[in-house]
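**Q** Here you go, one structure.
The numbers here are math on the coordinates, done by the rules we state, and not lab data. Bear in mind the structure is a predicted one, so any value in this text is a computation, not a measurement. A quick note on method: Cβ atoms are made from the backbone with ideal geometry, for glycine too, and the neighbour counts reach across all protein chains shown.
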Amino acid sequence: MRVVQVHVPGGPDALRIVDVATPQPGPGQVRVKAHAIGVGGPDRLIRKGTYKWMPPLPAIPGNEMAGVIDAVGAGVTQWAAGQRVLVSSRELPERGGCYAEAICVPEDAPFALPDAVSLDAAVSLGNFQLAHALLLGCNGGLPVKSILVPGAAGGVAGALTQLARHHGMYVIGTASTAEKRDFALANGAHVVLEPDAATLPDRVLARTSGRGVDLAFDHLGGTMLIACIRSLAPLGTAISYNIVSGPPASDVFTELRRLLGKSLAVRTFSIHTFDQDRAQRRGLMESAIRLMAAGHIQAPPATVMPLAEVQAMHTLLDSGQALGKLILRP
């Protein structure tokens, strides 16, 4: 069978398609034949060799796969050939491994997929799992009326938008182009602003009758994290879940003291917080599956390419211009 490997980290040309023996499930394992393989930011970091949770080289990228169980190992009783499942590498001993035509995993790793969730849609569920943890676990139990989502056309940001709308929250997003703003509005944002960090706080305050937002989710860092802090309502929290643009542009504690009358907070966040909490981690995913099956959330539009075009897919990923989910088809 074919897998994609990284032997020497680098650009898209570091991704090599290799023929290997089809794996056979051992005791307590199942084999999943891939139908859809999700492509996302962590795959790019694995390709570049910079992922904090990097698997050993030669590494197979890929953190999500949806398909059908086609073989079971000795002692497996909870699965049978033909069942539709999602594999997330968050449930595996190491990250990656899903850029393959099939994968063998422990029997307690897959998630069963109801008929209402297509295999293509399923590879977006990881973003909703992450968004659910971000949205419901970062404000200390305080009520959330409104949120700010910079980069609202992105995968996690889009999942945050849909979940927030489902919970009755007002969503302000930002996006850098008219096409991305239209995409974010179609995904459920109430308003999408241009991302000028210098003026964003004033524009957010204007859209919230001077109050600000309860939560602001920043994946950029730099000047945007500071803008998020300045956009908060009293007792609000800015959540930093990535720093694509680098560390904050000014001292965060100084900003919080400058706005002392609002009693603001900043939280860093990683889904790896739940690496040792299996019940909560899987509960977040199972909740996302239920919401999608019920039609409360929807997978974004997908760009699909064959596995053989993985380098072209990563070129598109690197461009930052792709909208919706990127999927490789074995």
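**Q** Per residue of region 237-248, in order, report the coupling 6.51 cos²θ - 1.76 cosθ + 1.60 (Karplus, θ = phi - 60°) as ³J(HN,Hα) in whole Hz, putting x for Gly and Pro.
**A** 10, 9, 10, 9, 10, 5, 9, 4, 9, x, x, x
**Q** Step through the residues of region 284-295 one at a time and calculate ³J(HN,Hα) from phi using the Karplus curve (6.51 cos²θ - 1.76 cosθ + 1.60, θ = phi - 60°), rounding each to whole Hz and writing x for Gly and Pro.
**A** Going residue by residue, I get 5, 5, 5, 5, 4, 4, 4, 5, 5, 4, 7, x Hz, with x marking Gly and Pro.
**Q** At 0.36 nm per residue, minus the direct Cα-Cα distance, what do residue 116 and residue 294 gain on full extension? Give it in nm, one decimal, please.
**A** Roughly 63.3 nm would be gained on extension.
**Q** For a quick check: with amide H placed at 1.01 Å from N, whose amide H comes under 5 Å from residue 213's, ignoring anything fewer than 5 positions away on the same chain?
**A** 232, 233
**Q** Right, next: Alpha carbons only, please: Rg and Dmax for the chain, in angstrom.
**A** 20.3, 63
**Q** From the phi of every residue in region 32-39, what ³J(HN,Hα) in whole Hz does the Karplus formula 6.51 cos²θ - 1.76 cosθ + 1.60 yield, where θ is phi - 60° and glycine or proline is x?
**A** Computed from phi, the couplings for region 32-39 are 10, 7, 6, 10, 9, 10, x, 10 Hz.
**Q** Which trypsin sites (Lys or Arg not before Pro) in region 1-108 sit in a loop by DSSP (not H, G, I, E or B) and have at most 13 other Cβ atoms within 10 Å of their own Cβ?
**A** Answer by residue number: 52.
**Q** Can you give the extra length, in nm with one decimal, that the chain gains between residue 329 and residue 267 once fully stretched, where that is 0.36 nm per residue apart less the Cα-Cα distance?
**A** Length gained between residue 329 and residue 267: 18.6 nm.
**Q** Also: Based on the Cβ-Cβ distance of residue 1 and residue 322, what FRET efficiency does E = 1/(1 + (r/R0)^6) give at R0 = 30 Å, to the nearest 0.05?
**A** 0.65
**Q** Continuing with this model, one more query. Could you name the lysines in cross-link range of residue 180, using Cα to Cα under 18 Å and dropping any fewer than eight places away on the same chain?
**A** Once the sequence-local lysines are set aside, what remains near residue 180 is 325.
**Q** Let me ask you something else. Between residue 278 and residue 191, with labels modelled 7 Å along Cα→Cβ, what's the label distance in nm to one decimal, could you check?
**A** The answer from the label model is 4.7 nm.
**Q** Can I get the semi-axes of region 218-297's equivalent ellipsoid? Compute them from the C-alpha gyration tensor as square roots of 5 times the eigenvalues, in angstrom, largest first.
**A** Each semi-axis is the square root of five times an eigenvalue, giving 30, 15, 13 Å.
**Q** For residue 309 and residue 179, FRET efficiency with R0 = 25 Å and r from the beta-carbon atoms, rounded to 0.05?
**A** On the way: r = 23 Å, r/R0 = 0.93.
Computed FRET efficiency for residue 179 and residue 309: 0.60.
**Q** Between rounded, prolate and oblate, where does region 123-278 land on the alpha carbon gyration tensor, with a ≥ b ≥ c its root eigenvalues, rounded for a/c under 1.5, else prolate if a/b exceeds b/c?
**A** rounded
**Q** Taking Cα centroids, how far is region 1-32 from region 93-128 in Å?
**A** If we compute the Cα centre of each part, the gap is 15 Å.
**Q** For labels at residue 166 and residue 258 in the simple 7 Å Cα→Cβ model, what's the distance in nm?
**A** 3.7
**Q** With n ≥ 4 as the cut-off for DSSP H runs, can you work out [θ] at 222 nm for the chain, using -39500 (n - 2.57) per run divided by the number of residues, rounded to the nearest 500?
**A** One gets -8500 deg cm²/dmol as the mean residue ellipticity at 222 nm.
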